[in-house]
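Written out below as structure tokens is the structure these notes cover.
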Amino acid sequence: AVVSTQSTGMTPIEIPQAYLEAQTHLSTALLSLSTVGLILTMAAILPISNMMKQRSSRINICFATSLFLACILFLLQNILVAGIDGKGVIELGSKGCIAYAAVQHYSWLVVFAWMCIEGTVMYLSLVQVFGSHISKYMIKFNLIAWGVPMIFPVVGFLMSTTTATVGSGESVISTKDNTYVADLMCFINPGKLAYWVTFFVPMVLVMLINLTFFIMVLKVIRGSKSADNKADVMKQLKAAVGVMVLLGTGWIVGILLTLQTPELQLTLQYIFIILNAIQGVFVFLFYVCLNEQVMNHWLIKFGLKTVVNSTS
């Protein structure tokens, strides 16, 4: 599983088989819950025309969509890929497995790209810097988020391909070996150079960018004119912390898993899995449950709240 510590290559120690099975079951259960949360998020926001005119809402939907696709690909892998039991239509190590690994690799990079865009928009929205208006922003954002990640699976595959020549003269035989795919799943092989260059490094860069934006936002909130107004400060702080939880807390824990700390590994592994696997639940909570505009729309829609008309 992409959200398991073994598949991401973020843990440097061997994990007992019993723990691997437990992590897989936990990942599957929580990702299923996340998938439901993401479906509910899109179903709640897309019908609200006023919200879909807002930049933040459009970006939220794009982020939710990319995360939904990544979750679905993981869940389908358990069905489509033939494991030790031999069940599944895609054989491990086959061309189909390589293609599926590349699609999964791409899908998570798209998620990282939308994370970065979300963090950037959070900064522009809360700090309101000069030039926060971006012309044709959705076209540009979509080209970046869906286009740029296409390069990395291709580069990763080429980096993982080696050619060996055996014999001499007319008896020369050339063989190609590729280590792009992991042995036990259809995902980029963790621990290999291609993994670190085309998956780990982009992820770390996104986390650093979002963390930088988060710190800058906190500084602006602290030094803003509304600093004396506790209600405004708490509202801004809640928004900043909420977005940060959505956009990288779990993956930051994943970075810590690369450290040689055996005594903390098991705890960090489960924190990593839980935070990342329920990211879709966080999306639903922040984009729907804690969004007054969304909640008011549906409460009024179902007659649970009355519209108050203001008079001049």
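For this structure, a couple of remarks:
- Among the residues of region 206-220, those that are farther than 14 Å from Leu126 by Cα and in contact (Cβ under 8 Å) with a residue 40 or more places away in the chain comprise Val206, Met207, Ile209, Leu211.
- Test: residue in region 147-157 that is open to solvent by less than 70 Å² (accessible area, probe 1.4 Å) and modelled with pLDDT under 90: no
- Restricting region 76-93 to residues that are part of a helix (DSSP H, G or I) and open to solvent by 40 Å² or more (accessible area, probe 1.4 Å), the residue that is modelled with the lowest pLDDT: Asn78
- Lys53 satisfies every condition listed in (1) crowded, with 16+ Cβ neighbours inside 10 Å; (2) modelled with pLDDT under 95; (3) farther than 23 Å from Ile273 by Cβ except (1).
- For region 195-217, the tally of residues that are more than 19 Å from the chain's Cα centre (by Cα) and open to solvent by less than 60 Å² (accessible area, probe 1.4 Å) stands at 1.
- Search result, residues across region 246-286 that are within 16 Å of Leu38 (Cα to Cα) and modelled with pLDDT under 80: Leu246, Leu247
- Number of the exception - Ile48 against (1) open to solvent by less than 20 Å² (accessible area, probe 1.4 Å); (2) in contact with a Leu (Cβ under 7 Å, 6 or more places away or on another chain): (2)
- Region 56-75 - residue that is open to solvent by less than 10 Å² (accessible area, probe 1.4 Å) and farther than 20 Å from Gln293 by Cβ and, of those, modelled with the lowest pLDDT: Phe74
The values are calculated or read from the model by the stated rules, or taken from the named source; none is laboratory data. From a predicted model like this one, the values you see are computed outputs, not experimental measurements. Virtual Cβ from ideal backbone geometry, glycine too; neighbours counted across all protein chains shown. Heavy atoms of the whole protein, side chains included, go into the accessibility calculation; ligands, DNA and RNA do not. Shrake-Rupley method; radii C 1.70, N 1.55, O 1.52, S 1.80 Å.
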